[in-house]
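The values are calculated or read from the model by the stated rules, or taken from the named source; none is laboratory data. Because the structure is predicted, anything quoted here is derived from the model rather than measured. Don't worry about glycine lacking a Cβ; one is built from the backbone with ideal geometry, like all the others, and counts go over all protein chains shown.
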Amino acid sequence: MTAHEVRDVIVVGAGVAGLAAAHRLKEAGRAPLVLTSGRGIGGRCATWRLDGQPVDYGVGFLHGVDPELVAAIHSVGDATPIPGWPRHVEGRGTPCQPRAFAPQSARLAYAEGVSAFPKWLARDLEVRRQTTVERLALGDAGIVLTLASGEQLCGRDVILAMAGPQAETLLVPLVEDSDEVDAARRLLAMLGALPSLTVMAAYDPGTPEPPFEMLYPEDSALLQTVAHDSSKRKAPRALVLVLQALPRWSRAHLDTPPETWERMLLDEAGRLIAPWVRAPSVTRTHRWKWARVDAGCELSQPLLIPLGAGFRLGVAGELFAPGGGVEAAWLSGHRLAGRMLESRPS
Ligand SMILES: Cc1cc2nc3c(=O)[nH]c(=O)nc-3n(C[C@H](O)[C@H](O)[C@H](O)COP(=O)(O)OP(=O)(O)OC[C@H]3O[C@@H](n4cnc5c(N)ncnc54)[C@H](O)[C@@H]3O)c2cc1C
């Protein structure tokens, strides 16, 4: 593609929101191109391979009440669902999403990792990975996207599907062109996102199995969750725990060297569970600067802003449906695509 070639619709972000939108548009006969900065697909619905063993290091399991979302997460081909995970929950601390445990909420993990869901949504889509969009501008033929490589692409419709602060940055150059974009940018600037520092820890064979699948400690100032990740795997080679820190503690340590906060989180998990937890054989850290939407800050629907001569800018992501999380991300993308299809400009 050259700078002068115009695409029908470009989706920025291959998380659940962007893929849900692109999937629905493709099913309706449109030709979305998905661009995403990461090496993998799924964004915060993320699975790492530790010596080949899947490890979920963003959201640990999928959950929801919307019938279409529930049907979608149960129909992922090439994945082995683990309905109801986590069944063995310990601790009375607050889950990342308390409504995951509401009686009507379906819960599910996959033996292959949670990224099986976004990968399934992406299966028929044209996705360009490791492609970061740095700037948007209004052009004569559509919305022009300048990539980190310097290449320019143009879309008649463009969807931003990412964390609120990331979308806000991309909106800045367009505020001169549209009062609606300006209002959207101001709104996003007011809405926060919660960070989470995460440690994946693998242990040598023979290590005792923890009695829980998920621990929500009620007496920790550091840890929000400890997931017994290897309890989701078919024949795990290693016992793997995933430690995720509380938002306030994470924010205070975002700029601390990872080896320092990793040690603190392992020591805390050792205090809560057993001394062996302090000494894993392999670790990996991840700093989620924008892990989750701040509960109560979500908007009720995705944005669809007309720009110039029939071009449209859509904004989706977990922030754009009540409740946040994967369900809101999926709903926002699915609904935005529906609105775009209903109101296609002539
Ligand atoms: C630690 C943690 C715990 C969580 N716990 C839960 C939970 O219990 N329940 C729940 O439902 N949810 C939970 N979540 C939240 C859930 O993972 C997210 O709500 C959901 O995955 C967000 O999907 P999204 O598509 O909106 O955004 P993302 O998944 O962030 O996808 C956006 C994608 O866009 C890419 N991108 C951003 N900017 C650009 C750019 N300029 N150019 C190109 N690409 C770009 C990003 O790299 C990313 O791949 C948790 C998340 C984390 C991190």
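Table for the structure above
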quantity	calculated
Leading residue by the ranking (surrounded by the most Cβ atoms within 10 Å (Cβ to Cβ)) among those in the stretch 300-335 that are at pLDDT 95 or above and assigned to a loop (DSSP other than H, G, I, E, B)	Gly317
Filter pass, Gln130 being part of a loop (DSSP other than H, G, I, E, B) and closer than 26 Å to Arg7 by Cβ	yes
Failed item in (1) surrounded by fewer than 18 Cβ atoms within 10 Å (Cβ to Cβ); (2) of a type outside the set (D, E, K, R); (3) out of contact with any Ser or Thr (no Cβ under 9 Å at 6 or more places or on another chain); (4) modelled with pLDDT of 95 or more, with His88 passing the rest	(3)
Sole exception among (1) among the basic types (Lys, Arg); (2) surrounded by fewer than 14 Cβ atoms within 10 Å (Cβ to Cβ); (3) under 17 Å from the mean Cα position of the chain (by Cα) for Lys119, by number	(2)
Residues that are within 13 Å of the ligand (Cβ to nearest atom) and surrounded by 23 or more Cβ atoms within 10 Å (Cβ to Cβ), drawn from the stretch 24-34	Val34
The stretch 299-333, residues that are out of contact with any strand residue (DSSP E or B) (no Cβ under 9 Å at 6 or more places or on another chain) and closer than 30 Å to Gly139 by Cβ	Leu299, Gln301, Ala309
Residue identified as surrounded by 23 or more Cβ atoms within 10 Å (Cβ to Cβ), more than 8 Å from the ligand (Cβ to nearest atom) and modelled with pLDDT of 95 or more among Val16, Val9, Val70	Val9
Number of the condition not met by Trp48 [criteria: (1) closer than 25 Å to Gln224 by Cα; (2) assigned to a loop (DSSP other than H, G, I, E, B)]	(2)
Among residues of the stretch 175-187, those that are surrounded by fewer than 22 Cβ atoms within 10 Å (Cβ to Cβ) and outside any loop (DSSP other than H, G, I, E, B), counted	7
Residue among Arg278, Arg271, Arg263, Arg251 that is touching a Gly at 6+ places or on another chain (Cβ under 9 Å), free of Cβ contacts under 8 Å to residues at least 60 places away in the same chain, of a type outside the set (A, V, I, L, M, F, W, C) and in the same structural domain as Arg92 (by TED's automatic domain parsing)	Arg278
Selection status of Thr169, outside the structural domain of Gly60 (by TED's automatic domain parsing), part of a helix (DSSP H, G or I) and among the polar types (S, T, N, Q)	yes
